[in-house]
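The structure appears below as structure tokens.
The values are calculated or read from the model by the stated rules, or taken from the named source; none is laboratory data. None of the values given here were measured: they were computed from a predicted structure. Glycine also receives a Cβ, built like all others from the backbone with ideal geometry; neighbour counts cover every protein chain displayed.
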Protein chains: 2
Amino acid sequence: MTYISVIDLLASDAIHQEFTVKGWVRSFRANQFMALNDGSTIKNIQCVVDFENMDEALLKRITTGAAVIVTGVLEESQGAGQRVEIKVKTVHIEGDADPEDVKRTILSPKRHTLEKLREQAHLRVRTNTFGAIMRLRSKLSFAVHQYFNEHGFYQAHTPIITGSDAEGAGEMFRVSALDLENPPKKEDGSIDYSQDFFGKETNLTVSGQLEAETYALGLGKVYTFGPTFRAENSNTSRHLAEFWMIEPEVAFNDLADNMDLAEDFIKYVIRYVLEHCQDDLEFLENRLVDEDKKKPQAERATMLLREKLEFVIANNFKRVSYTEAIAILRDSKPNKKKKFKYLIDEWGADLQSEHERYLVEKHFECPVILFDYPANIKAFYMRLNEDGKTVRAMDILFPGIGEIVGGSQREERLDVLKEKMAALDIPEEELWWYLDTRKFGTCVHSGFGLGFERLVLFATGMTNIRDVIPYPRFPGHAEF
Amino acid sequence: MTYISVIDLLASDAIHQEFTVKGWVRSFRANQFMALNDGSTIKNIQCVVDFENMDEALLKRITTGAAVIVTGVLEESQGAGQRVEIKVKTVHIEGDADPEDVKRTILSPKRHTLEKLREQAHLRVRTNTFGAIMRLRSKLSFAVHQYFNEHGFYQAHTPIITGSDAEGAGEMFRVSALDLENPPKKEDGSIDYSQDFFGKETNLTVSGQLEAETYALGLGKVYTFGPTFRAENSNTSRHLAEFWMIEPEVAFNDLADNMDLAEDFIKYVIRYVLEHCQDDLEFLENRLVDEDKKKPQAERATMLLREKLEFVIANNFKRVSYTEAIAILRDSKPNKKKKFKYLIDEWGADLQSEHERYLVEKHFECPVILFDYPANIKAFYMRLNEDGKTVRAMDILFPGIGEIVGGSQREERLDVLKEKMAALDIPEEELWWYLDTRKFGTCVHSGFGLGFERLVLFATGMTNIRDVIPYPRFPGHAEF
């Protein structure tokens with residue numbers, strides 16, 4: 001490659017040297033100042049065109065959105081706003097962008113709503129906001145892998161298509177290769193899935209946890225990082241039908257170790273983006289400040305984006321048992337004044353989003369780890385406590401996001417696990433392999449699931465989960 | 001955590017110090033020598049039990065497969081085969097493994113076939129072979145991310161569920177949330193997918209390329225690394241219905257740049273595992289040597305596993321045009337002697353696996369990059385050459401593996417792209433967003449897809465792709 005990226009060029013000290021740079025025109029002022037961006041950074045390189053000595057037809061084709069190849073000399077910039085600029089020798093138009101066509105798209109240089117940007121998700125990554133979000137998302141994703149690699153974890157690529165629907169984490173999508181218009185039938189008239197691709201009914205996974213457990217009991221420390229699916233008709237700003245989940249699972253970790261791991265992990269990846277995404281974070285922070293100006297004082301953020309991230313790193317997550325949380329909520333103002341939609345009056349109640357937000361945003365004002373939940377509101381595989389009524393579950397709640405992590409110590413005792421499955425009518429034949437792990441060298445082990453997009457939401461300060469994944473899938477939407 | 005992993009313990013110099021180590025018993029000889037493994041490495045730590053001073057009931061529970069927590073003092077080992085060992089103070093049995101039950105599983109200490117191991121895929125990761133494979137797979141996966149991160153790429157998480165089936169890379173799985181036993185119907189009796197979750201028919205992706213292209217034209221250099229799917233009834237040792245694919249896509253890269261990238265990338269990740277997986281590679285290499293002893297001389301490998309990997313790093317991949325390859329094949333011995341199943345007699349023939357293997361394994365004896373294929377045997381999005389009959393496609397062929405990479409420079413010209421789509425009856429409405437990228441600042445760009453499991457096959461020396469992914473999906477099999 002004989003050209004240089006904008007990010008490297010902006011950091012270069014090679015004044016008076018010639019460079020070639022390739023990218024897209026963000027703006028072209030006064031027939032002279034071309035702001036060129038190549039996606040490597042949010043910043044543009046200013047390319048100064050000697051318009052008096054350039055072909056006029058060529059000049060006209062330097063328009064917002066056009067792809068160009070610029071060759072010129074790096075010079076110290078006289079103008080404000082940049083240290084260096086390119087004094088252009090030649091411009092080659094690689095691909096035009098007809099201004100009339102551009103006007104009809106979000107590439108046109110004016111303010112577009114996030115809704116509008118979503119409709120043109122194939123172009124939005126060329127905007128400053130979405131370039132910043134997607135670079136940050138990528139760095140955060142890399143930080144996830146690096147954390148686990150440094151800490152002795154192995155990644156387990158657990159299956160996406162699953163023949164088991166026993167986990168019960170939510171509605172599942174069916175996967176089939178049958179001709180659904182005319183499927184083979186059994187004698188009783190029902191579909192004969194034995195003739196389907198896998199010889200049985202299959203679904204898209206809702207979690208790789210059970211398979212990850214089998215791997216943790218061989219490799220010790222493992223994690224998954226892959227897509228998971230929910231066929232739930234949740235038209236909210238926090239839910240996607242397809243999202244990426246991170247699920248570490250560690251042999252010999254108990255619930256306290258699990259909390260330590262989750263907290264250390266989250267702090268590490270946030271520290272990583274603070275260090276590696278300064279320009280994008282600065283842009284996103286300023287964007288939020290602008291957004292806040294339109295809001296009434298009471299609704300404005302109390303911390304700047306980077307302050308918020310620094311705060312998470314600097315402070316211990318508050319660890320609170322479910323039982324303590326219920327006491328706090330029962331005595332809280334919104335409960336006494338009947339402001340909660342679901343009033344808390346006794347132990348055993350499932351916590352709603354309004355309660356989680358109260359605890360995190362009003363009461364503790366920091367990330368909170370809730371643990372030891374009532375057994376009957378949690379999944380079958382969670383370790384039953386000695387009290388016989390709570391399980392070693394934990395949820396991590398984040399300000400503005402709500403639940404970001406859900407995890408538990410797993411029930412390692414074969415007899416207790418079988419009892420819990422029986423009580424929930426989960427057939428042992430379905431999970432024979434899972435039960436096997438409790439027969440052969442079972443041990444204390446724990447893990448959690450972290451919804452990656454919620455982490456990106458938090459780190460970017462965005463508020464709609466559809467804006468932190470390239471092509472969001474939600475009810476009625478599988479475009480692109 | 002107050003204990004140490006086996007990998008750290010084996011590297012420790014803290015002789016006479018006390019440690020706690022947690023893992024599974026691999027063997028227990030002479031009531032004295034316990035080989036303990038925790039998955040962190042293929043190597044075991046020898047734990048020497050003072051059986052004369054230990055409770056007999058406890059001793060009996062130290063059996064292959066049991067989970068134990070051992071506390072003891074690190075000492076220099078007197079025995080052959082290890083530098084250090086643990087002189088045991090206490091053993092806690094965390095989870096038993098009944099020898100009678102173990103006997104019925106692949107955990108029993110004898111030789112099991114790979115087929116048998118596949119049937120117990122939930123336990124096979126506890127064997128030396130699969131522990132080695134899966135650790136190596138994980139390190140290779142990390143190397144992929146590290147390569148792209150170091151080289152200025154951003155990861156784009158392209159969608160798994162897709163509403164588009166225009167790419168035509170193969171049979172797709174249908175995804176639906178409808179009640180398939182009783183789906184809503186339209187007036188003409190066909191299924192009314194407008195009532196399905198996404199309001200239309202959806203499938204599992206066969207490639208993230210088209211979406212990755214939209215991102216490359218904003219962020220410059222991107223890659224995907226996610227699961228892809230084929231509903232093809234391929235019951236071979238090289239095909240899976242669900243597999244992980246790596247797809248880099250780079251703006252302003254032409255086909256030569258694309259070849260450079262692929263070669264550099266492959267060499268980097270192989271170098272990474274050579275450096276980071278020495279113990280596992282040594283084990284896998286010895287395993288292959290043992291396997292080879294059962295084979296006739298002519299079928300044995302000419303290089304040891306690590307020699308083969310070093311060879312790939314040290315040598316340039318041979319770049320050969322399709323036209324040259326056809327000439328070589330036409331004049332080859334197996335063609336003249338009619339040993340090929342599909343004889344090559346003229347330009348335009350699609351290359352079969354037998355031809356690829358001949359080129360790579362007999363003629364060139366090194367990795368080969370074939371390029372400039374006939375347009376009519378390649379996909380619509382590949383850049384048409386000036387000759388009007390070939391496209392800027394490239395395939396990388398590896399010895400023993402066959403095609404490991406398929407890529408191309410993409411057709412960046414809107415008019416040519418539209419013509420090719422029309423000729424193949426691909427409706428423009430389906431890919432309006434893809435065409436948009438050619439309207440707004442289109443540019444030369446290129447990318448490729450690399451099947452991750454084929455890379456793992458190559459790096460481990462395994463021969464069946466079902467043995468390099470935790471829970472393989474293929475016709476009739478979606479267990480676990």
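Kindly list, by first and then second residue, each pair from a residue in segment A:87-108 that is more than 19 Å from A:Leu58 (Cβ to Cβ) to a residue that is among the charged types (D, E, K, R) and at pLDDT 95 or above, limited to pairs with Cβ atoms under 8 Å and residues at least 6 apart or on different chains.
A:Asp101/B:Lys439; A:Thr105/B:Asp436; A:Ile106/A:Lys116; A:Ile106/A:Arg124; A:Leu107/A:Arg126
If we scan segment A:275-283, do we find a residue that is touching a Leu at 6+ places or on another chain (Cβ under 6 Å) and either at positive phi or modelled with pLDDT of 95 or more (or both)?
Within segment A:275-283, the subset touching a Leu at 6+ places or on another chain (Cβ under 6 Å) is A:277, A:280.
In the following step, the residues that additionally are either at positive phi or modelled with pLDDT of 95 or more (or both) were identified as A:277, A:280.
Looking through segment A:275-283, at least one residue is touching a Leu at 6+ places or on another chain (Cβ under 6 Å) and either at positive phi or modelled with pLDDT of 95 or more (or both).
For the structure I just gave you, tell me whether B:Ala57 is more than 14 Å from every other protein chain (Cβ to nearest Cβ), part of a helix (DSSP H, G or I) and surrounded by fewer than 19 Cβ atoms within 10 Å (Cβ to Cβ).
Numbers: more than 14 Å from every other protein chain (Cβ to nearest Cβ): yes; part of a helix (DSSP H, G or I): yes; surrounded by fewer than 19 Cβ atoms within 10 Å (Cβ to Cβ): yes.
Criteria met by B:Ala57.
All but one of (1) within 30 Å of A:Thr41 (Cβ to Cβ); (2) facing chain A (nearest Cβ under 9 Å); (3) buried (at least 18 other Cβ atoms within 10 Å of the Cβ) hold for B:Val250; which doesn't?
Unmet for B:Val250, out of (1) within 30 Å of A:Thr41 (Cβ to Cβ); (2) facing chain A (nearest Cβ under 9 Å); (3) buried (at least 18 other Cβ atoms within 10 Å of the Cβ): (2).
Of these, A:Gly476, A:Gly400, which one is facing chain B (nearest Cβ under 9 Å) and surrounded by fewer than 19 Cβ atoms within 10 Å (Cβ to Cβ)?
Details: A:Gly400 fails: facing chain B (nearest Cβ under 9 Å).
The unique qualifying residue is A:Gly476.
In segment B:430-480, what residues are of a type in the set (Phe, Trp, Tyr) and in contact with a Gly (Cβ under 9 Å, 6 or more places away or on another chain)?
First pass over segment B:430-480, keeping only residues of a type in the set (Phe, Trp, Tyr): B:432-434, B:440, B:448, B:452, B:458, B:471, B:474, B:480.
Those that are of a type in the set (Phe, Trp, Tyr) and in contact with a Gly (Cβ under 9 Å, 6 or more places away or on another chain): B:Phe440, B:Phe448, B:Phe458, B:Phe480.
Looking at B:Gln155, B:Gln120, which is the one that is within 30 Å of B:Glu232 (Cβ to Cβ) and out of contact with any strand residue (DSSP E or B) (no Cβ under 8 Å at 6 or more places or on another chain)? I'd like the intermediate steps shown before the answer.
Working: B:Gln155 fails: out of contact with any strand residue (DSSP E or B) (no Cβ under 8 Å at 6 or more places or on another chain).
None of the other options fit; the residue is B:Gln120.
Pairs please, first residue from segment A:468-480 and within 24 Å of A:Asn128 (Cβ to Cβ), second anywhere and among the basic types (Lys, Arg), Cβ atoms under 8 Å, 6+ apart in sequence or on different chains.
Going by the 8 Å Cβ cut-off, the qualifying pairs are A:Val468/A:Arg137; A:Ile469/A:Arg137; A:Pro472/A:Arg118; A:Pro472/A:Arg466.
Go through (1) surrounded by fewer than 17 Cβ atoms within 10 Å (Cβ to Cβ); (2) of a type outside the set (A, V, I, L, M, F, W, C); (3) in a loop (DSSP other than H, G, I, E, B); (4) at pLDDT 95 or above one by one and return the number of the condition B:Thr442 breaks.
For B:Thr442, the exception is condition (1).
Inside segment A:180-200, can you point out the residues that are more than 9 Å from every other protein chain (Cβ to nearest Cβ) and not in a strand (DSSP E or B)? Walk me through it before giving the result.
Residues of segment A:180-200 more than 9 Å from every other protein chain (Cβ to nearest Cβ): A:182, A:184-188, A:192-196.
Passing the criteria: A:Asn182, A:Pro184, A:Lys186, A:Glu187, A:Asp188, A:Asp192, A:Tyr193, A:Ser194, A:Gln195, A:Asp196.
Looking only at segment B:23-46, decide whether some residue is among the hydroxyl-bearing types (Ser, Thr, Tyr), more than 10 Å from chain A (Cβ to nearest Cβ), within 27 Å of A:Tyr154 (Cβ to Cβ) and surrounded by fewer than 20 Cβ atoms within 10 Å (Cβ to Cβ).
Step one: list which residues in segment B:23-46 are among the hydroxyl-bearing types (Ser, Thr, Tyr), which gives B:27, B:40-41.
Pick out the ones that are also more than 10 Å from chain A (Cβ to nearest Cβ) and you get B:27.
Filter once more, so that each one left must be within 27 Å of A:Tyr154 (Cβ to Cβ): B:27.
Next, from what is left, pick out any that are surrounded by fewer than 20 Cβ atoms within 10 Å (Cβ to Cβ): B:27.
Checking segment B:23-46: at least one residue is among the hydroxyl-bearing types (Ser, Thr, Tyr), more than 10 Å from chain A (Cβ to nearest Cβ), within 27 Å of A:Tyr154 (Cβ to Cβ) and surrounded by fewer than 20 Cβ atoms within 10 Å (Cβ to Cβ).
May I ask you to list pairs of residues, at least six apart or on different chains, whose Cβ atoms are under 7 Å apart, with the first in segment A:309-332 being basic (Lys, Arg) and the second being exposed (fewer than 15 other Cβ atoms within 10 Å of the Cβ) and outside any strand (DSSP E or B)?
Pairs that qualify, where the first residue is basic (Lys, Arg) and the partner is exposed (fewer than 15 other Cβ atoms within 10 Å of the Cβ) and outside any strand (DSSP E or B), are A:Arg330/A:Asp345.
Looking for something under 30 Å from B:Ile469 (Cβ atoms) and either of a type in the set (S, T, N, Q) or not assigned by TED's automatic domain parsing to the domain that holds A:Leu284 (or both) - is there at least one such residue anywhere in segment A:125-139?
yes
Hey, any hits in segment B:124-138 for a residue that's more than 21 Å from the chain's Cα centre (by Cα) and either hydrophobic (A, V, I, L, M, F, W, C) or over 30 Å from A:Phe148 (Cβ atoms) (or both)?
Of all residues in segment B:124-138, those more than 21 Å from the chain's Cα centre (by Cα) come to none.
No: zero hits.
Please state which one of B:Ile42, B:Ile7, B:Ile15 is touching a Phe, Trp or Tyr at 6+ places or on another chain (Cβ under 6 Å) and of a type in the set (Val, Ile, Thr).
Details: B:Ile7 fails: touching a Phe, Trp or Tyr at 6+ places or on another chain (Cβ under 6 Å); B:Ile15 fails: touching a Phe, Trp or Tyr at 6+ places or on another chain (Cβ under 6 Å).
After applying the criteria, what remains is B:Ile42.
Answer yes or no as to whether A:Arg271 is surrounded by fewer than 24 Cβ atoms within 10 Å (Cβ to Cβ), away from chain B (no Cβ under 11 Å) and modelled with pLDDT under 95. Break it down into steps so the answer makes sense when it comes.
Details: surrounded by fewer than 24 Cβ atoms within 10 Å (Cβ to Cβ): yes; away from chain B (no Cβ under 11 Å): yes; modelled with pLDDT under 95: no.
So A:Arg271 fails the test.
Of all residues in segment B:380-422, which are touching an Asp or Glu at 6+ places or on another chain (Cβ under 9 Å) and basic (Lys, Arg)? Explain how you work it out, then say what you get.
First, the residues of segment B:380-422 that are touching an Asp or Glu at 6+ places or on another chain (Cβ under 9 Å): B:380-385, B:387, B:390-397, B:399-400, B:402-407, B:409-410, B:412, B:417-418, B:420-422.
Selection gives B:Arg383, B:Arg392, B:Arg410, B:Lys418, B:Lys420.
Exactly one of (1) more than 32 Å from the chain's Cα centre (by Cα); (2) assigned to a loop (DSSP other than H, G, I, E, B); (3) over 30 Å from A:Asn258 (Cα atoms); (4) touching a residue at least 40 places away in the same chain (Cβ under 8 Å) is unmet by B:Ser12. Its number?
Going through (1) more than 32 Å from the chain's Cα centre (by Cα); (2) assigned to a loop (DSSP other than H, G, I, E, B); (3) over 30 Å from A:Asn258 (Cα atoms); (4) touching a residue at least 40 places away in the same chain (Cβ under 8 Å) one by one, B:Ser12 breaks only (3).
Give segment A:407-419 a look and list any residue that's surrounded by fewer than 18 Cβ atoms within 10 Å (Cβ to Cβ) and either more than 14 Å from chain B (Cβ to nearest Cβ) or hydrophobic (A, V, I, L, M, F, W, C) (or both), or say none.
Step one: filter segment A:407-419 for residues surrounded by fewer than 18 Cβ atoms within 10 Å (Cβ to Cβ), giving A:413-416, A:418-419.
Residues satisfying the conditions are A:Leu414, A:Val416, A:Lys418, A:Glu419.
Count, please, the residues in segment B:148-165 that happen to be within 7 Å of chain A (Cβ to nearest Cβ) and assigned to a helix (DSSP H, G or I). Walk me through how you get there before you give the answer.
So in segment B:148-165, the residues within 7 Å of chain A (Cβ to nearest Cβ) come out as B:149, B:152, B:154-163.
Checking which are assigned to a helix (DSSP H, G or I) leaves us with B:149.
Result for segment B:148-165: 1.
Does segment B:65-93 hold any residues that are of a type outside the set (A, V, I, L, M) and crowded, with 21+ Cβ neighbours inside 10 Å, and which are they? Walk me through it before giving the result.
Keep residues of segment B:65-93 that are of a type outside the set (A, V, I, L, M), which gives B:65, B:71-72, B:75-79, B:81-83, B:85, B:87, B:89-90, B:92.
Passing the criteria: B:Gly65, B:Gly72, B:Glu85.
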